[in-house]
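Okay, so here's the structure we're looking at.
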Amino acid sequence: MALPLEGIRVCDLTWVIAGPTATRVLADFGAEVIRVEHEQAVDPIRLGRPIVGDHPTLNNSGFFNYFNRNKKSVLLNARHPDGMDLLKRLIAKSDVLIENFSAGVLESWGLGYDELRAIRPDIIYCSISGFGHSGRDREFTTWGPTAQALSGLTLTSGLPGKPPAGWGYSYMDHTAGYNGAIAIMMALHHRNLTGEGQHVDISQVEAGIVLNGPAVLDGAVNGRTWRREGMPPGNRAWEPAVAPHNTYACAGEDRWLAIAVMNDAEWQALVRAMEEPDWALDPRFATNAGRLANQDELDARIEEWTSELDDYEAMELLQAAGVRAGVCQKPGDRFERDPQSRARGWWRMLMHPELGECEYDGVTPRLSKTPGELRSTSPLIGEHTREVLGEVLGLGEDEIDAAQASGALM
């Protein structure tokens with residue numbers, strides 16, 4: 001069965017998380033994604049945790065393996081004139097070029113959008129950077145925590161009455177990557193209709209702002225800061241304001257269950273599931289308004305009940321009663337305990353040359369007619385250099401050997 005992006009070639013100059021997230025989606029659905037790498041300026045996540053074995057190599061990072069399945073790797077030294085020539089020849093054979101360097105880096109290489117169009121007029125060029133390629137701050141540099149702060153996400157995180165907590169991980173990288181994959185597919189559709197390529201310019205800060213929509217609207221329309229009494233709400237619901245709505249400790253160490261009760265009928269279902277303890281029959285808890293007014297006591301009472309139960313047992317009990325409940329799963333739970341992941345065949349095994357047998361998460365979204373697939377593990381660095389130079393660029397073995405000897409490939 002043909003994959004939906006089969007026949008699309010992507011020249012991938014990305015690194016770390018944001019760009020590789022975008023190209024992972026494209027590769028999962030059949031695009032030929034060719035990572036252009038340099039052994040002297042290696043992608044940091046090739047050396048990132050978790051490392052399998054006693055010593056890091058350029059190929060045994062679980063982090064890199066996760067983001068770069070289904071891709072190829074070519075070693076090119078773009079600082080060498082012959083290496084740059086080979087890169088331009090690869091661009092000429094590619095439908096898409098994507099990078100997530102700071103704005104201006106590709107221009108400094110002589111590969112700005114105008115130069116890319118001279119190489120291939122209908123090229124789709126996707127850039128992902130902190131601020132985008134225009135505006136006052138285009139040359140500013142960012143990293144996860146700074147982009148997060150500038151987008152507003154840091155300020156709106158955490159619990160009421162306490163300092164901002166931050167998110168602890170770069171959600172803007174993933175969000176920008178998903179935006180990149182979607183935008184590239186839209187640009188490909190536009191090219192199919194018109195024959196025209198285009199520049200897709202993505203700002204990670206803007207991608208973070210999108211995640212902060214309610215807070216932005218609250219400030220712009222109502223003139224209210226997100227950090228005020230009772231806000232941010234933590235795990236409690238603020239719109240609509242309902243209770244109980246929180247996470248509750250369960251039996252065992254660091255085991256938690258999320259419960260969301262949206263109306264009085266669901267509250268009664270929860271009471272029945274808890275076998276109607278006397279405290280739950282208190283008239284103060286009979287209505288949502290009363291439960292909201294007494295949330296601290298309500299949460300403490302519910303946690304007295306959940307703390308005696310296994311988290312999965314409690315989830316199944318409440319779900320059977322019609323109450324929205326879900327275990328706060330740890331990463332290991334998804335492999336070892338989550339029956340839904342197994343039932344849907346979410347985990348797939350592939351053999352990696354250095355990492356051995358690896359279990360990969362599945363492909364989303366699931367298309368009934370043209371589903372994506374896992375075809376290969378992450379590439380060893382430079383694994384496909386000769387294949388790509390020979391089959392895509394048409395170089396003979398002697399020419400590849402000469403390029404290797406000249407320093408154009410490294």
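The values are calculated or read from the model by the stated rules, or taken from the named source; none is laboratory data. Nothing here was measured: the structure is a model prediction, and the numbers come from that model. Positions of Cβ are generated from backbone atoms using ideal geometry, with glycine treated the same way; all protein chains shown enter the neighbour counts.
Tabulated values for the structure
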quantity: Given (1) assigned to a strand (DSSP E or B); (2) of a type in the set (G, A, S); (3) out of contact with any Ser or Thr (no Cβ under 8 Å at 6 or more places or on another chain), index of the condition G19 fails; calculated: (1)
quantity: Complete set of residues in the range 76-109 that are without any contact (Cβ under 8 Å) to a residue 12 or more places away in the chain and of a type in the set (G, A, S); calculated: S108
quantity: Options G30, G53; residue that is in a loop (DSSP other than H, G, I, E, B) and buried (at least 19 other Cβ atoms within 10 Å of the Cβ); calculated: G30
quantity: Residues that are closer than 30 Å to P232 by Cα, among the small types (G, A, S) and buried (at least 17 other Cβ atoms within 10 Å of the Cβ), drawn from the range 179-213; calculated: G180, S203, A207, G208
quantity: Only listed residue being farther than 21 Å from L3 by Cα, under 18 Å from the mean Cα position of the chain (by Cα) and in the same structural domain as G362 (by TED's automatic domain parsing), chosen from G48, G53; calculated: G48
quantity: Selection count where residues are among the small types (G, A, S), closer than 21 Å to E391 by Cβ and touching a His at 6+ places or on another chain (Cβ under 6 Å), scope the range 71-120; calculated: 1
quantity: Top-ranked residue of the range 326-340 - restricted to ones that are part of a helix (DSSP H, G or I) and at pLDDT below 90, ranked as farthest from D254 (Cα to Cα); calculated: P339
quantity: The range 280-310: number of residues that are more than 19 Å from P233 (Cβ to Cβ) and either of a type in the set (G, A, S) or surrounded by fewer than 16 Cβ atoms within 10 Å (Cβ to Cβ) (or both); calculated: 10
quantity: Filter result for the condition that a residue is assigned by TED's automatic domain parsing to the domain that holds V25 and either at pLDDT below 90 or over 25 Å from the mean Cα position of the chain (by Cα) (or both), over E107, E99, E139; calculated: E107
quantity: Exclusive hit being of a type in the set (A, V, I, L, M, F, W, C), closer than 23 Å to T14 by Cα and either assigned by TED's automatic domain parsing to the domain that holds R117 or out of contact with any helix residue (DSSP H, G or I) (no Cβ under 8 Å at 6 or more places or on another chain) (or both), set A183, A220, A165; calculated: A183
quantity: Selection count, the range 290-316, where residues are among the hydrophobic types (A, V, I, L, M, F, W, C), within 17 Å of C328 (Cβ to Cβ) and in a helix (DSSP H, G or I); calculated: 4
quantity: Residue check, P331 exposed (fewer than 13 other Cβ atoms within 10 Å of the Cβ) and without any contact (Cβ under 8 Å) to a residue 60 or more places away in the chain; calculated: yes
quantity: Failed item in (1) surrounded by 12 or more Cβ atoms within 10 Å (Cβ to Cβ); (2) assigned to a loop (DSSP other than H, G, I, E, B); (3) in the same structural domain as T57 (by TED's automatic domain parsing), with D401 passing the rest; calculated: (2)
